[in-house]
Amino acid sequence: MDGYFAPDSMVVRAMGTRAVALTYGQRALVTGALHPRLFVGTAQHTTHRQTPYTRLGLTARLFEAVFLGDKEEADRALSFAAKRHEPVHGRMQVDGGPAHPQGAPYSAADPGLMWWTAAFTLDSVEHMHDLLVRRLRDREREELFEGFVLWAELFGMPRDAAPASYEEFRSAFDSWLASEEPWPVDEARLVARHIAGMSGYNLPAHAISSPALATVVQGSLAPRVRDLLDIPWGRHDELRLQGIARASRLAHSRVSLLARTPLMRGRSEEFYKVVAHGERELVRRGGVSMPGVSDVL
């Protein structure tokens, strides 16, 4: 059975590339933490406060099912997500700045917030592909954008909630990031810094590669995101990032030789499961994957 996206579409090629699939989620969550209503709405309704990496992996698997699975698998993932999102509505319990004051309403069914979820994901997939695989061509960026619009529509977003073109998306996203609206609430700052690897990843060593992943996630962030989250970045950090990026792009330039190898391409759900298993084992032994997060809100 065919899926909702053509196998040769840009969005399937990007999401099926391991270097993108295993890094875009962290970057998207760190940048998305600057949107108060989106973050607080999720934080106030999560069932994974003590297992945030398990939630990240579950989200990634749902996204992968819709992008890369057949229609039957995608529909199951969409139905599961719809049930999870149904109770997600309320009001901000904390102050998120002038644009998102305490008491402001939020809802998972809000078309604008639905697009912001897609926008943060699209921005990160695009950036990680440029950094770790190769720079996208203009037509590929437009095709990737259209794929994410369709993806958001499958989750229930009306088409008119999204920008009309990639160019409009990029202009609006960059303008938002440069404005005074991005505002990390206390828990968002704490979570984002953990996900960016500022304290290392407090998971079993086999579950996650801390130094290289932290360098990639932190270095991929826009300078303003790092500034707002107090993430330092210097010359030596940049040199490490560029070394990792060059090695990754070189490997992908040999795509004709490596295209079918599990190391480079394919679905990443088994990797997400490994991380979730490592986190569950840590919690079972009395550990905490993100110290301090479970005590907030």
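Scanning region 34-60 for residues being crowded, with 20+ Cβ neighbours inside 10 Å and among the basic types (Lys, Arg) gives a total of 1.
If I filter region 112-123 for residues that are open to solvent by less than 30 Å² (accessible area, probe 1.4 Å), among the β-branched types (Val, Ile, Thr) and closer than 16 Å to Glu153 by Cα, do I get at least one hit? Yes, region 112-123 has at least one match.
All of (1) free of Cβ contacts under 8 Å to residues at least 40 places away in the same chain; (2) crowded, with 18+ Cβ neighbours inside 10 Å; (3) not small (Gly, Ala, Ser) hold for Phe155 with one exception: (1).
If you check Gly41, Gly57, which single one turns out to be farther than 18 Å from Val275 by Cα and modelled with pLDDT under 95? The match here is Gly41. Is it the case that region 176-192 has a residue that's part of a helix (DSSP H, G or I), open to solvent by less than 30 Å² (accessible area, probe 1.4 Å) and modelled with pLDDT of 95 or more? Yes, region 176-192 contains a residue that is part of a helix (DSSP H, G or I), open to solvent by less than 30 Å² (accessible area, probe 1.4 Å) and modelled with pLDDT of 95 or more. All conditions in (1) in contact with a Ser or Thr (Cβ under 9 Å, 6 or more places away or on another chain); (2) in a loop (DSSP other than H, G, I, E, B) hold for Met128, with the sole exception of (2). With respect to the conditions (1) under 24 Å from Val125 (Cβ atoms); (2) touching a residue at least 60 places away in the same chain (Cβ under 8 Å); (3) open to solvent by 10 Å² or more (accessible area, probe 1.4 Å); (4) of a type in the set (Ser, Thr, Tyr), Thr31 falls short on a single one, namely (3).
The values are calculated or read from the model by the stated rules, or taken from the named source; none is laboratory data. All of these numbers come straight from a predicted model, not from anything done at the bench. Note that we place each Cβ from the backbone using ideal geometry, even for glycine, and neighbour counts take in every protein chain shown. Accessible surface areas use protein heavy atoms only, side chains included; no ligands, DNA or RNA. Shrake-Rupley method; radii C 1.70, N 1.55, O 1.52, S 1.80 Å.
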